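The values are calculated or read from the model by the stated rules, or taken from the named source; none is laboratory data. None of the values given here were measured: they were computed from a predicted structure. With ideal geometry, Cβ positions are generated from the backbone for all residues, glycine too; neighbour counts draw on all protein chains shown.
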Amino acid sequence: MKFDRLDEALAEIQKAQALISQRRGPDFRSYQVGRIKARMGLIYFQQEKYDKAEPLLVNGYEEMVQHIAQKPQDAPLQPETIKTAIASQPWNSRQAKCP
């Protein structure tokens, strides 16, 4: 099945999110938490689950930008990548605002 690897990746990312939430609390915000949300959003987008993808991409991007000082130098996922993805998506009928 096409989505097997994406489902596996999503499961691993969700485990990471749950671990951070368990250790730091559900309201903890950071660059890493934003990156996790954005990665989940990208996976949902690849699965064409746009209703789940959009809020994760937008919220993940905003959180990454708010905590940009925490960004590792070699971070593989950059806020600019997420901003571009948000702006170019077919579900972007309401033109999600990116700072």
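Here are some notes:
- Gln22 being surrounded by fewer than 20 Cβ atoms within 10 Å (Cβ to Cβ) and in contact with a Lys or Arg (Cβ under 8 Å, 6 or more places away or on another chain): no
- The listed residue being free of Cβ contacts under 8 Å to residues at least 12 places away in the same chain and out of contact with any Lys or Arg (no Cβ under 7 Å at 6 or more places or on another chain), out of Ala85, Ala16, Ala11, Ala38: Ala11
- In the range 28-48, residue surrounded by the most Cβ atoms within 10 Å (Cβ to Cβ) [restricted to those that are modelled with pLDDT of 90 or more and not in a helix (DSSP H, G or I)]: Ser30
- Counting only residues that are farther than 15 Å from Phe28 by Cα and more than 11 Å from the chain's Cα centre (by Cα), the range 69-82 holds 8 of them.
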